[in-house]
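The values are calculated or read from the model by the stated rules, or taken from the named source; none is laboratory data. On a predicted model such as this, the values are computed, not experimentally measured, just so you know. Here the Cβ positions follow ideal geometry from the backbone for every residue, glycine too, while neighbour counts run over all protein chains shown. In case anyone asks, the SASA skips ligands and DNA or RNA and just uses the protein heavy atoms, side chains included. Shrake-Rupley method; radii C 1.70, N 1.55, O 1.52, S 1.80 Å.
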Amino acid sequence: TYAKLQAAQELSPSELLDAAVVRQKVEALVRLGETKWRFRVVDEGETPRGAALEILTQADEVLKRHMVAVSGDSGGGNGGGKGDRGGSDGGKDEAELRLQWATEQSEIWMGLALTRLIFNGDKRSEDGTIKKLLNKALALRKEAELLMPLAETHNALGSLKQKQQHYREAEEQYTASLELRARLAVADGDEVAEKAKQQSVAQSLVSLGNLYAEMAESAPKKTEDPNESRHSLLEKALDRLSAARDAYVRGFAEMHPKLAAPWEAI
């Protein structure tokens, strides 16, 4: 309800200059969009895809209008940032604005890409748009050193490549995601952060496991490279899925519903 109220509120010219007000609205729109594309919570007459794209496009437009307002550049900018969380931006240049809004802008691009990726089925007509959005999010998250979100983007690129049956490229993206998540530093005794790390590691392992299982379905019965055989690919799938199951236990609990996915795949 709060997110809906924030989404419906039209910002005045003075409010568009206030980073705190704009951030509050953009974050609410991103959350509301996610309820549509991820959780499929829609009102009567809405579709998850249509509602999510409309809401996230609105968030993108609000952010662009804010950056035009604070920079005085009629051409606008492509926002981003992990800088201060409130107050007026007061004459900041494009690079500074991009980093200040990197979290929100990259989340918008990710939502727009994932909505299309999830609800486009087997159609490949929007792959170019999805790839462009994900690469923009990837570049911005690298620049802003947002490591966990960066791993999420690698995982999404892997999903796109897998749907295109570009399996080796998908493997590279999933592996990059796993490596980032696995080396995330967690302070001693921070159980919440450690559980979050294990949950994210498990997601990458499930992605790799399912990828190898899919590759095995189309693998030739005989091959000169034993690593490319159906048996070898299924062994790699089982290894990753078993590791994912164990990571989910560490990240959640022994009987958590999240363990159903790796168990079923195994």
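What does the accessible area of Asp190 come to, in Å² to the nearest 10, when a probe of 1.4 Å is used?
Near enough 70 Å² of accessible area.
What figure in square angstrom, to the nearest 10, would you give for the accessible area of Arg250 with a 1.4 Å probe?
Roughly 130 Å² of Arg250 is accessible to a 1.4 Å probe.
Please list, short to long, the whole-number percent of alpha-carbon pairs of the chain in consecutive 5 angstrom bins beginning at zero.
1, 6, 11, 13, 16, 16, 14, 10, 6, 4, 2, 1, 0, 0
Per DSSP H run of n ≥ 4, the term is -39500 (n - 2.57); total these for the chain, divide by its residue number, and report the mean residue ellipticity at 222 nm rounded to 500 deg cm²/dmol.
Dividing the helical sum by the residues of the chain leaves -23000 deg cm²/dmol.
Pull out the extension gain between Val186 and Thr129, defined as 0.36 nm times the separation in residues minus the alpha carbon to alpha carbon distance; nm, one decimal.
My answer for the length gained is 17.0 nm.
Set the Förster distance to 41 Å, then compute FRET efficiency between Glu194 and Arg40 from the Cβ-Cβ distance, nearest 0.05.
0.85
Got a number for carbon plus sulfur as a percent of the chain's accessible area, 1.4 Å probe?
For the chain, the apolar C and S fraction of the accessible surface comes to 52 percent.
Extension gain Gln9-Lys64, at 0.36 nm per residue separation less the Cα-Cα distance, in nm?
Here the answer is 18.1 nm.
Starting from 0.36 nm per residue, how many nanometres of slack lie between Thr1 and Ser218 once their C-alpha separation is accounted for?
Fully extending the segment from Thr1 to Ser218 adds 73.4 nm.
Which lysines, if any, have their Cα less than 21 Å from the Cα of Lys25, not counting same-chain residues under 8 positions apart?
Lys4, Lys36, Lys64, Lys82, Lys92
Based on the Cβ-Cβ distance of Ser242 and Glu96, what FRET efficiency does E = 1/(1 + (r/R0)^6) give at R0 = 45 Å, to the nearest 0.05?
Computed FRET efficiency for Ser242 and Glu96 comes out at 0.45.
For the range 88-161, what D do you get in µm² per second when you plug the Kirkwood radius from alpha-carbon pairs into Stokes-Einstein at 25 °C and 0.890 mPa s?
191 µm²/s
For Leu259, tell me the accessible area in Å² from a 1.4 Å probe, rounded to the nearest 10.
Leu259 exposes around 10 Å² with every protein chain in place.
Express the Stokes-Einstein translational diffusion coefficient of the range 186-234 in µm² s⁻¹, to the nearest whole number, given a Kirkwood radius over alpha-carbon pairs, 4 °C and a viscosity of 1.567 mPa s.
101 µm²/s
With +1 on the Cβ of every Lys and Arg and -1 on the Cβ of every Asp and Glu, and nothing else charged, how large is the dipole of the chain about its Cα centre, in debye rounded to the nearest 20?
Computed about the Cα centre, the dipole is about 480 debye.
Could you tell me the center-to-center distance, by alpha carbons, between the range 1-46 and the range 114-182 in angstrom?
25 Å
Relative to a virtual label point 7 Å from the Cα of Asp225 in the Cα→beta-carbon direction, which members of the range 142-175 show backbone nitrogen distances below 18 Å?
Of the residues in the range 142-175, 162, 165-175 have backbone N under 18 Å from the label point off Asp225.
Keeping every protein chain present and rolling a 1.4 Å probe, give me the accessible area per residue for the range 98-190 in Å².
For the range 98-190, the per-residue accessible area is 45 Å².
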